[in-house]
């Protein structure tokens, strides 16, 4: 019986629980993917303009993934664990 009380006390000391860490990891995946999709578009010659910097991938998809990732991170930090 003492062992159960000890586990309950140690669980309440931690700010995050297993579910929070799952959401944090998921948010990090979205953030990493968004930043990876933004990479590139550099011109080989500095005197030549490269239109690749205006691709849909860099201007639309990557920022949407970043917004989703930051939203998931915010949710993971603010989420309270369920009480048993």
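The values are calculated or read from the model by the stated rules, or taken from the named source; none is laboratory data. Please read all numbers here as calculations on a predicted model, not as lab measurements. Cβ: placed from backbone, ideal geometry, glycine included. Neighbour counts: every protein chain shown.
Observations, loosely collected:
- Segment 29-53, residues that are in contact with a helix residue (DSSP H, G or I) (Cβ under 7 Å, 6 or more places away or on another chain) and closer than 17 Å to residue 75 by Cβ: 30, 31, 34
- The residues of segment 26-51 that are surrounded by 12 or more Cβ atoms within 10 Å (Cβ to Cβ) and in a helix (DSSP H, G or I), listed by number, are 26, 27, 28, 29, 30, 31, 32, 33, 34, 35, 37, 38.
- Among residues of segment 9-25 being farther than 30 Å from residue 63 by Cβ and surrounded by 11 or more Cβ atoms within 10 Å (Cβ to Cβ), the one that is modelled with the lowest pLDDT is 11.
- Long-range neighbours under 7 Å by Cβ, at least six apart or interchain, first residue on the phi > 0 side of the Ramachandran plot and part of a helix (DSSP H, G or I) within segment 64-80, second crowded, with 17+ Cβ neighbours inside 10 Å and modelled with pLDDT of 95 or more: none
- Within segment 62-78, the set of residues being more than 12 Å from residue 35 (Cβ to Cβ) and surrounded by 14 or more Cβ atoms within 10 Å (Cβ to Cβ) comprises 68, 72, 73, 75, 76.
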